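Comments concern the structure below.
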Amino acid sequence: MADPKGFLTTPRQEWPRRPVEERARDWDEVYVPGGLLPIISEQADRCMDCGVPFCHEACPLGNLIPEWNDLVSREDWRAAAERLHATNNFPEFTGRLCPAPCEAGCVLAINQPAVTIKNVECAVADKAWEEGFAVPAPPDRLSGRTVAVIGSGPTGLAAAQQLTRAGHTVAVYERDDRIGGLMRYGIPAFKMEKHHLERRVEQMRAEGTRFRTSTTVGRDVDAAELRSRYDAVVIATGATAWRELPVPGRDLAGIHQAMEYLPLANRVCEGDLERSPLSAEGRHVVIVGGGDTGADCLGTAVRERAASVTQLDIYRKPGSERDEENEPWPTYPKLYRLSAAHEEAGALRTAPAARADARLFAASTLRFEGDEEGRVRGLRLVEVDAERRPVPGTERTLPADLVLLALGFSGPDQGDGIIGQLGLGLEPRGTIARGPDFATNVPGVFAAGDAGRGQSLIVWAIAEGRAVAASVDRFLTGGTSRLPAPIGPYDRPMTV
Ligand SMILES: Cc1cc2nc3c(=O)[nH]c(=O)nc-3n(C[C@H](O)[C@H](O)[C@H](O)COP(=O)(O)OP(=O)(O)OC[C@H]3O[C@@H](n4cnc5c(N)ncnc54)[C@H](O)[C@@H]3O)c2cc1C
Ligand code: SF4
């Protein structure tokens, strides 16, 4: 570190967001362009270069955080980019989208605000592209072995890049018309603009990875036939089977799943549609579900100019301080966090039914109410206590003519037929069963990412992609692999 006292003299400063009124009128990323570089070296200098860096421990990728903090504090961008890419194929994705368990585990966070690790990562990743350090790295020679990767989310992309660079011939099969998985049609552009995806796909193409879009394995190509054509198959199809809300009135028109709504808005940004058929414009929107997917719906509805937007969370409002008893440092605590979308909704006062930031906590949906034409017009809710028991006298109806269900996902979508065609074993909760090396019960078939782990995070998906690549490489070469395996399939985030 350039200044060993940086953590004592420099306060934490984050990448500033653009003014709400400005950013709510467009779909660009919420941050001030160019606002990170002037502050980031000083911020990286806050790192204490701990002997036992818990930041590194808290990151499933094992990112070499103190090393690149030091390099950034000295403005050695080339070396920082090299160290960053040593453990993470796509740091510009995690630098924008990761909830940063590393910062929750930062030693400085014990009694001060953590180092802005995620911002440092993003600055290095963007600088690497700007300066031309992120060049294609094709293999020196080909192994003659072939791999089919099913799914082009962060898991499939990381696995494909690692295996291609190891010399195997890799084809990625994707049912959508564009590459990227949930980063393409789930996550809105205001969180990550899609050109970051395009750039990586181009890099991967130049390295030799092949992409087959608009191809649903199981329907367009039989999965067993695919297995017979390739030496190995990696299933990285995600966990997109959504949870339902079986309350009276669910079948009224105007009630949709978040993942029916978000892809259409993303397609408007891609230029495929002029207007989303489910646009929130002028409508009273209620989002059921207090998680990040719900927040993505909120930011999208704000940009579509909804008449009002309210987000319901069944949990009680979390505190703004860590619960030292149940979620001590260095675990990732459940805290009251104000995402960009909540900040927008609060500033624009989109939710007359809620007090501050569009969220109603401890709220449970009782039923939907409709009009004579079968369209939803209201949502009847009740407040609940910590045991989710209704609090008497708290029932009320919110106006709602667009309801978005963001209740999470139960496991892989089984409608494509892959599981039956290959005869894959499943875990009781519906994810694909796999052994300690990510291998399924079918020889040569591996499962990784949300498809095996259940709904998770991009950083875990990239870690799974890298780890499954190491296992596939070992399987193909019949020996050892030089590819890194940062996690095993049963590793989980740190808890007490
Ligand atoms: C709305 C939303 C917002 C999120 N925001 C964040 C965030 O901000 N930060 C974060 O860390 N995580 C976020 N997540 C979670 C994160 O996106 C996932 O954990 C991650 O994308 C999982 O990666 P994956 O590659 O395993 O699966 P996915 O990203 O789901 O990719 C699977 C791919 O497989 C394809 N596929 C499926 N079946 C077939 C088939 N039969 N044939 C061919 N292709 C197939 C799918 O079309 C898809 O492209 C979010 C999730 C959602 C739903
Ligand atoms: S835990 Fe925090 S202070 Fe310590 S090395 Fe990691 S980033 Fe630096």
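Run through the DSSP bridge list for the chain and note the antiparallel percent, rounded to the nearest 5.
About 35 percent, rounded to the nearest 5.
Normalised by the residues of the chain, what does the relative contact order come to in percent, with Cα pairs under 8 Å and at least six apart?
Dividing the mean separation by the residue count of the chain yields 16 percent.
Would you give the gap between the C-alpha center of segment 47-120 and the C-alpha center of segment 412-473, rounded to a whole Å?
28
In whole Hz, what ³J(HN,Hα) sequence does segment 27-36 give by Karplus (6.51, -1.76, 1.60; θ = phi - 60°), x for Gly and Pro?
Residue by residue, segment 27-36 yields 10, 6, 4, 6, 7, 5, x, x, x, 8 Hz.
Please work out the C-alpha center-to-center distance from segment 11-42 to segment 366-396 and express it in whole Å.
38
Calculate for the chain the 222 nm mean residue ellipticity that helices alone would give, adding -39,500 (n - 2.57) per DSSP H run of length 4 or more and normalising by residue count, nearest 500 deg cm²/dmol.
Here the helix-only value at 222 nm equals -9000 deg cm²/dmol.
Evaluate the relative contact order of segment 6-130 (contact order divided by residue number), counting alpha-carbon pairs under 8 angstrom at least 6 apart; express in whole percent.
Reported relative contact order: 28 percent.
If the limit is 30 Å between Cα atoms, which of K127/K334; K118/K317; K5/K191; K5/K194 go over it?
Cα-Cα > 30 Å for K127/K334; K5/K191; K5/K194; rest within.
P(r) for the chain: what percent of alpha-carbon pairs falls in each 10 Å bin, starting at zero?
4, 18, 28, 27, 17, 5, 0, 0
Could you let me know the centre-to-centre spacing of segment 302-355 and segment 190-236, using Cα atoms, in angstrom?
35
Could you pull out every whole DSSP H run in the chain that spans at least 15 Å of Cα extent along its own axis and averages 0.0 or higher on the Kyte-Doolittle scale? Mind showing how you got there, number by number?
On the way: long enough: 117-130 (20 Å, -0.14); 154-165 (16 Å, -0.16); 195-207 (18 Å, -1.71); 258-270 (18 Å, 0.15); 292-303 (17 Å, 0.03); 458-477 (28 Å, 0.92).
TM-like helix candidates: 258-270, 292-303, 458-477.
Note down the relative contact order for segment 244-407 as a percent, whole number, built from C-alpha pairs under 8 angstrom at least six residues apart.
Computed over segment 244-407, the figure is 30 percent.
Computed from the coordinates by the stated procedures, all read-outs in this text should not be read as laboratory data. No experiment lies behind these values; they were computed from the predicted model shown.
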